Amino acid sequence: MYEKILIANRGEIACRIARTLRRMGISVATVHSTADANALHVREIGESILIGEGPARESYLDVEAILRAAQACRADAIHPGFGFLSENPLLARRCADLGIEFIGPDAQALELFGDKAAAKTLAKRLGVPTADGSSQATDDVDQVMVAVGQSSLPCVVKAVQGGGGKGMRVIRSLDTARGAVEAAIREGRSSFGDGRVIVERYLERPRHIEVQILGDGRGNVVHLYDRECSLQRRHQKVIEEAPVCSIPDAVRQRLWAHSVELCQAMRYRGLGTVEFAVTPDAAVFLEVNPRLQVEHPVTESVLGLDLVELQVRTLAEGRLPMPPEQVPVPRGHAVQARLYAEDPRRGFLPSTGRIEAFRVGPGVRADIGVVAGCDISPHYDPMIAKLIAHDDARDKALLRLREALAQTVVLGVVSNRSFLLELLDTAQARNNDVDTETIDRWIAASGAMDEGRQVRHVAALMAIWRRETSRGNGPDGAWSDPSLTGWRLSRGRASRPSVDEIGLRHVVSTPSGRHRVGFGATTGNGAWPVRVDDEIVTVTMGPVLADGSCLVELDGSTLRLTAACRPQHAWATMGDEQITLDIAPLHSARKDAHGDGVGAVLAPMMGMVIAIHVDKGQRVKPGDPLATIESMKMEMPIVAAAEGEVGWIGCSVGGKVERNQELFRIADAS
């Protein structure tokens with residue numbers, strides 16, 4: 001057995017691997033970038049080696065820096081986790097050169113399965129069904145366009161080294177094909193250092209089914225059953241569950257057999273996942289992920305196994321820890337939700353910033369990557385935690401997961417918590433009537449947030465922000481002020497001031513819009529009139545509760561609110577919803593298009609400008625591209641919201657921008 005293992009990763013997976021290794025009696029060290037000096041994995045593991053600057057290419061993707069770290073801490077093995085270098089054959093090869101064990105497949109298997117084109121060729125040779133299309137990988141846009149033109153639409157362009165939905169575009173029209181191809185190639189280069197793509201027929205509304213396998217490197221391979229990963233957005237998994245209960249048992253068994261056959265052919269060693277797209281009339285091979293998967297906890301939950309321990313023991317001992325007949329049968333059902341720092345109301349844009357408060361509701365396993373005080377940077381995946389619920393039936397597991405999410409608090413960044421709660425409440429999710437396009441259809445059919453409710457939420461949180469910042473309270477927020485307890489709410493319409501009596505003092509940006517806010521004088525019973533644009537909401541808070549939250553009544557409805565405030569920002573959870581505010585004095589904020597005809601175009605997220613598509617003085621229409629921003633290896637187009645003339649450009653290619661930073665001003669030149 002190994003004496004010491006270096007975990008060449010970060011976040012929740014580094015913490016999760018470390019816990020298993022320590023239980024096995026193996027010493028642990030890890031690595032970090034300058035951006036991660038205060039990260040949770042550095043704190044928890046206790047020994048960490050600085051390997052470079054914040055960008056992943058200068059740290060976590062630097063093979064030689066990882067190897068130097070392993071030698072410095074005298075590790076005899078490296079565990080790559082998932083992402084980063086976990087599928088990099090160069091790291092596996094260099095480890096072998098230096099006599100360091102790589103906890104994963106050998107370089108040959110990584111080269112094959114890390115290349116979707118090569119893996120598809122192997123599958124065809126073995127008789128495993130695959131999607132039609134071109135298996136010739138290239139990063140030449142014109143060659144890819146030829147392949148697209150020869151394919152039936154819709155088709156999908158996929159980076160050969162892709163994963164997590166990056167470097168992947170679905171093409172439904174030749175009119176938009178070239179832009180989609182160019183974006184897929186760029187993302188492949190940015191995320192994986194390889195811009196080559198392949199073109200495949202796109203199966204409409206498939207289920208995404210995957211099989212967990214374990215091999216000893218000598219041709220012995222067992223499957224550890226399957227997982228359902230059909231609930232996805234932008235080809236990124238959101239909810240995963242095990243075991244699969246949505247396809248006929250005969251199909252499941254064929255997928256198990258195909259998976260074992262593929263990995264036996266390569267004498268695969270360690271953990272791996274074989275992924276398939278399944279429709280009522282087809283079940284085709286997609287790819288092999290030759291590593292530990294993000295969703296492995298649901299398999300652990302139903303089998304009662306520790307997959308990291310199995311992975312390590314298999315490589316250390318050169319044999320399978322158990323023969324196929326000893327693999328446990330799945331018991332009950334497990335469901336996992338990925339909690340991300342991202343904004344569903346802005347197309348799931350990553351949300352960067354400092355975590356002000358964080359806690360997970362009870363009753364679930366929580367693999368967490370942050371605590372209060374940690375930063376979500378623009379350099380890495382924005383995952384905060386994974387919540388895994390296990391029960392004896394699927395409906396009970398879903399309910400357990402929902403209850404835990406409802407009691408989860410994330411303040412300081414925008415999270416997808418509310419989105420997950422809404423998703424779990426849909427009939428499609430409850431009835432398992434889902435496919436990989438379910439979330440996209442559901443979002444397209446969903447209406448915007450009720451404007452009246454949004455205004456009330458802004459008023460409530462701004463009242464708390466104003467009182468806290470004026471009193472200079474500490475990081476616990478207004479709730480720590482004992483003078484606030486005992487307040488009673490009163491709408492008091494007779495004493496409510498008119499709109500003209502309350503001056504506007506602040507511009508407040510939310511994910512769905514901008515508001516101007518002012519405050520009236522508090523009444524004797526603590527009621528506080530807050531003006532939001534041209535509406536007045538009277539706000540009063542109730543007593544502080546044991547968990548630090550407070551009851552707030554608005555328009556006769558009482559909400560429990562948990563908040564954190566800073567001079568220019570405020571965050572709160574209100575029931576199942578979350579609200580985040582960026583706050584600036586009105587006199588320093590740019591006027592919007594309702595005033596002098598100048599419209600401010602703001603950055604929706606922190607990131608780097610990779611392209612500017614307009615010049616000063618150029619005429620634009622709504623939807624015209626102005627710039628492209630990259631954050632967390634994801635591209636986001638910035639488009640004009642109204643017709644007009646570009647009067648000012650406040651960004652440059654290669655420059656960094658902050659969330660809500662003004663990038664352009666569009667003047668109404670009509």
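The values are calculated or read from the model by the stated rules, or taken from the named source; none is laboratory data. Remember, it's a predicted structure, so these values are computed and weren't measured experimentally. Reconstructed Cβ throughout: ideal geometry from the backbone, glycine too, with neighbour counts over all protein chains shown. To get the accessible areas, we keep the full protein, side chains included, count just its heavy atoms, and leave off ligands, DNA and RNA. Shrake-Rupley method; radii C 1.70, N 1.55, O 1.52, S 1.80 Å.
With respect to M634, determine if the residue is within 30 Å of D425 (Cα to Cα), modelled with pLDDT of 85 or more and among the aliphatic types (A, V, I, L, M).
no
I'd like to check which strands (runs of 3 or more DSSP E) are fully inside the range 274-365 and have at least 1 residues that are acidic (D, E), more than 26 Å from G548 (Cβ to Cβ) and touching an Asp or Glu at 6+ places or on another chain (Cβ under 8 Å). Give the steps one after another, and end with the answer.
Working: elements: 282-289, 333-340, 357-359.
Fully inside the range 274-365 and qualifying: 282-289.
Out of the residues in the range 7-47 that are in contact with an Asp or Glu (Cβ under 9 Å, 6 or more places away or on another chain) and among the acidic types (D, E), which is surrounded by the fewest Cβ atoms within 10 Å (Cβ to Cβ)?
Only one residue tops the list, namely E12.
Any residue in the range 229-243 that is touching a helix residue (DSSP H, G or I) at 6+ places or on another chain (Cβ under 7 Å), within 24 Å of L424 (Cα to Cα) and assigned to a loop (DSSP other than H, G, I, E, B)?
Within the range 229-243, one or more residues are touching a helix residue (DSSP H, G or I) at 6+ places or on another chain (Cβ under 7 Å), within 24 Å of L424 (Cα to Cα) and assigned to a loop (DSSP other than H, G, I, E, B).
Looking at the range 183-220, which of the residues that are open to solvent by 70 Å² or more (accessible area, probe 1.4 Å) and either in a strand (DSSP E or B) or of a type in the set (D, E) (or both) is farthest from A131 (Cα to Cα)?
E204
Going residue by residue through the range 647-655, is there one that turns out to be open to solvent by less than 30 Å² (accessible area, probe 1.4 Å), aliphatic (A, V, I, L, M) and either in contact with a Ser or Thr (Cβ under 7 Å, 6 or more places away or on another chain) or assigned to a strand (DSSP E or B) (or both)? Spell out the reasoning first.
Within the range 647-655, the first condition is being open to solvent by less than 30 Å² (accessible area, probe 1.4 Å), and the residues that meet it are 650-651, 655.
From what is left, the residues that are aliphatic (A, V, I, L, M) are none.
There is no residue in the range 647-655 that is open to solvent by less than 30 Å² (accessible area, probe 1.4 Å), aliphatic (A, V, I, L, M) and either in contact with a Ser or Thr (Cβ under 7 Å, 6 or more places away or on another chain) or assigned to a strand (DSSP E or B) (or both).
Looking at the range 85-107, which of the residues that are in contact (Cβ under 8 Å) with a residue 40 or more places away in the chain and open to solvent by 20 Å² or more (accessible area, probe 1.4 Å) is farthest from G318 (Cα to Cα)?
Here the answer is E87.
Would you point out which residue out of L255, L271 is open to solvent by less than 10 Å² (accessible area, probe 1.4 Å) and part of a strand (DSSP E or B)?
Working: L255 fails: part of a strand (DSSP E or B).
Matching residue, one of L255, L271: L271.
Quick one: is R227 open to solvent by less than 10 Å² (accessible area, probe 1.4 Å), closer than 26 Å to A92 by Cβ and of a type in the set (K, R)?
Details: open to solvent by less than 10 Å² (accessible area, probe 1.4 Å): yes; closer than 26 Å to A92 by Cβ: yes; of a type in the set (K, R): yes.
In short, yes.
So V199 clears everything in (1) aliphatic (A, V, I, L, M); (2) under 25 Å from R169 (Cα atoms); (3) at pLDDT 95 or above except one condition, right? Which one?
Single failed check for V199: (3).
Among the numbered criteria (1) open to solvent by less than 30 Å² (accessible area, probe 1.4 Å); (2) in a strand (DSSP E or B); (3) of a type outside the set (V, I, T), which one does L50 miss?
Of the numbered conditions (1) open to solvent by less than 30 Å² (accessible area, probe 1.4 Å); (2) in a strand (DSSP E or B); (3) of a type outside the set (V, I, T), the odd one out for L50 is (1).
Out of everything in the range 521-532 that is open to solvent by less than 20 Å² (accessible area, probe 1.4 Å) and without any contact (Cβ under 8 Å) to a residue 40 or more places away in the chain, what residue ends up being farthest from V507 (Cα to Cα)?
G526
State the number of residues belonging to the range 533-560 that are part of a strand (DSSP E or B), surrounded by fewer than 23 Cβ atoms within 10 Å (Cβ to Cβ), modelled with pLDDT of 85 or more and within 33 Å of the chain's Cα centre (by Cα).
Final tally of qualifying residues: 2.
If you go through the range 72-84 one residue at a time, do you hit one that is in a helix (DSSP H, G or I) and buried (at least 19 other Cβ atoms within 10 Å of the Cβ)? Before the answer, list the steps.
Restricting attention to the range 72-84, the residues satisfying the condition of being in a helix (DSSP H, G or I) are 72.
Applying the additional criterion that residues be buried (at least 19 other Cβ atoms within 10 Å of the Cβ) yields none.
No, that holds for no residue.
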